[in-house]
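One structure is given below, encoded as structure tokens.
None of the figures in this text is laboratory data; all of them are computed from the coordinates on show. Here the structure is a predicted model, which is why all the values come from computation and not from measurement. Here Cβ is always computed from backbone atoms with ideal geometry, including for glycine, and neighbour counts include all displayed protein chains.
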Amino acid sequence: MIASLDYYNVIWDSPSRDHNGSMPIGNGDIGLNIWCQEDRDLVFYIGKTDAWSENARLLKLGRIRIQISPEFLVNNCSFQQILNLRKCEIVVRLGQHPTEIVLRIWVDANQPVIRIEANGDHPFDIQAHLEVWRNEDRFLEENEIHSAYGLSGSPESVVVYADTTITDQNKVIWYHRNCRSIWAETLALQGMESWLDQGNDPLQDLTFGGLIQGENFANSDGTSLKSTKPEKHHLVSIHLLTAQTVTPQQWIDQLQKLSHQTNLISLNQARKAHQKWWTDFWNRSWIFVSGDEFAETVTRGYILQRFMTASAGRGKSPIKFNGSIFTVDALLDGQDYDADYRNWGGPYWFQNTRLSYWPLLASGDFDMLQPYFQMYIDAMPLAKARTKQYFGHDGAFFPETMYFWGAYTQDNYGWPNQRAGLPVHTTTNQYIR
């Protein structure tokens, strides 16, 4: 039955104008939105399930631009982009033999690394350029504050902090590091100061980012890695890491060790293991509905939704109902927002989140249920302590809307100037009481 998947591959025969024409792919923790622009630049956003900011926003790690030179090889050439579901890879074909260049992009199912393979009939150069938009500290204001749901009306300014880029001779390293955290603030506001000494802040010093490298590549301008000579075959690897460390250097050391360990596995061996994971996944269960065009649409929708779940469902955090790890730039009510923006922000709504998980029981994808359950298991100690503090008895309760560590969102619970006369267990938001 797995061979029948090929019929449902997504095939495009023209490039995209921008991120709105992107194609998703992922390994369960790392997700990409990939598109090839009209100038044949290959561009993709990188998302990760545990890239939580100091304000509990689930951020993008960055954007990567792949450029091929000399440009005449790809300018106005024929084009095809294929999402191969069975292998979980995106293949972009630029031109035709004898001047064809083929780009193959996949996120390793077993390692936190993105692979970009480029093969051509003739030698060519390739460049991987890191694009960051969090390049200076700034305030979240007006409608954009909605993407930091829970902090509307905060007596303190809500700040987006800048990323850091490290200059290296033969690699590009970048990261976002949380220099502060709202974790303690949520506990203090919600009458749980006693938990400050018992719990662990999951946001403070959390650092996430990546390392771009390739054989026979050199750092050309601090954020770009370029091949040192034209070749028929190129490989660009992007290694990613999220970790809490005492210092940024410790995170860098961990990342470089991780990349070294990953590179000990040959590309062919890694690719075979990657494809085996996806073969085993598709062979767990399947639904192919035959009949008219409506039956085909149902089948396609089911297969693609299951693919999206598998692409984002094996990370440290549960799937976000409001965009998962595949958000892109938004245009809402005439206002532009960057790819970190998502309506309803970073908290989890139980009633919405559960809808991504009910189908997994029937499909046999039990491993992807684990991040969902684990979030509540990890939040259980706080939930029990809160029940004792609020109601004076044993037990545990979880808010309908909560940060992933179990606290209410701040504005749902209510700011101090809104809570006059309210007992500690009563929220100002009546919909989640």
Which of ILE303, LEU196, ASN343, positive extreme of dipole for the chain (C-beta unit charges): ILE303
Cα extents of region 371-429 along the principal axes, largest first, in whole Å, come to 36, 24, 13
A correct fewest-to-most ranking of VAL298, VAL172, VAL113 by other Cβ atoms within 10 Å would be VAL298, VAL113, VAL172
Non-local residues with an amide H under 5 Å from the amide H of THR49, with H modelled 1.01 Å from N and Pro and chain starts lacking one, are LYS316
Under a crude label model (7 Å from the Cα following the beta-carbon direction), how far is LEU422 from PHE391 in nanometres? 1.8 nm
Whole-number percent relative contact order across region 274-433, with pairs defined as alpha carbons under 8 Å at least 6 apart: 17 percent
Check GLU100: other-chain or 5+ apart residues with amide H under 5 Å from its amide H, H built from backbone geometry? ASP121
Under Karplus coefficients 6.51, -1.76 and 1.60, residue-wise ³J(HN,Hα) of region 45-59 in Hz, glycine/proline x: 8, 10, x, 8, 6, 10, 8, 8, 7, 4, 9, 6, 8, 8, 8
Fewest-first ranking of HIS146, HIS393, HIS122, HIS239, using other Cβ atoms within 10 Å as the exposure measure: HIS393, HIS122, HIS146, HIS239
Two-site FRET efficiency, GLN244 against LEU369, from Cβ-Cβ distance with R₀ of 22 Å, rounded to 0.05: 0.30
Scoring only Lys, Arg, Asp and Glu (+1, +1, -1, -1) among other residues with Cβ under 14 Å from the Cβ of ASP333 yields -3
Could you tell me which of TYR8, GLY28, PRO70 has its Cα farthest along the dipole of region 1-90 towards the positive end, charges placed at Cβ (Lys, Arg +1; Asp, Glu -1), taken about the Cα centre? GLY28
Which is farthest toward the positive dipole end of the chain among VAL91, ALA396, GLY210, measuring Cα position about the Cα centre, with Cβ charges +1 (Lys, Arg) and -1 (Asp, Glu)? ALA396
Is there a quick way to get the dipole size of region 326-389? I mean about its Cα centre, with the Cβ of Lys and Arg at +1 and of Asp and Glu at -1; what is the value in debye to the nearest 20? 660 debye
If you look at just the Cα atoms of the chain, how large are its Rg and its Dmax in Å? 23.0, 78
The chain - mean residue ellipticity at 222 nm from DSSP helices (-39,500 (n - 2.57) per run, n ≥ 4, rounded to 500): -7000 deg cm²/dmol
Calculate the length of the line joining the C-alpha centroid of region 1-40 to that of region 340-414, in whole Å. 31 Å
Separation of the ASP197 and ILE287 label points, Cα + 7 Å toward Cβ, nm: 5.3 nm
Treating only the Cβ atoms of Lys and Arg (+1) and Asp and Glu (-1) as charged, compute the dipole magnitude of region 203-260 about its Cα centre; round to the nearest 20 debye. 200 debye
Quick check: convex hull over the Cα atoms of region 187-249, volume per residue in Å³, rounded to an integer? 122 Å³
The summed charge of the ILE252 Cβ neighbourhood (under 15 Å; Lys/Arg +1, Asp/Glu -1) stands at -1
Could you work out the Rg to Rh ratio of region 18-109, with Rh taken as the Kirkwood radius (inverse of the mean 1/r over all Cα pairs)? 1.03
Using each residue's phi in region 80-95, evaluate 6.51 cos²θ - 1.76 cosθ + 1.60 at θ = phi - 60° and report the 3J(HN,Hα) Karplus result to the nearest Hz, with x for Gly and Pro. 8, 10, 10, 8, 8, 5, 5, 9, 6, 8, 10, 10, 10, 10, 10, x
Can you give me the long-range amide H partners of VAL10? Hydrogens built in the peptide plane at 1.01 Å from N, cutoff under 5 Å, separation of 5 or more residues or another chain. LEU83, LEU85
If you put +1 on each Lys and Arg Cβ and -1 on each Asp and Glu Cβ, how big is the dipole of the chain around its Cα centre, in Debye rounded to 20? 1140 debye
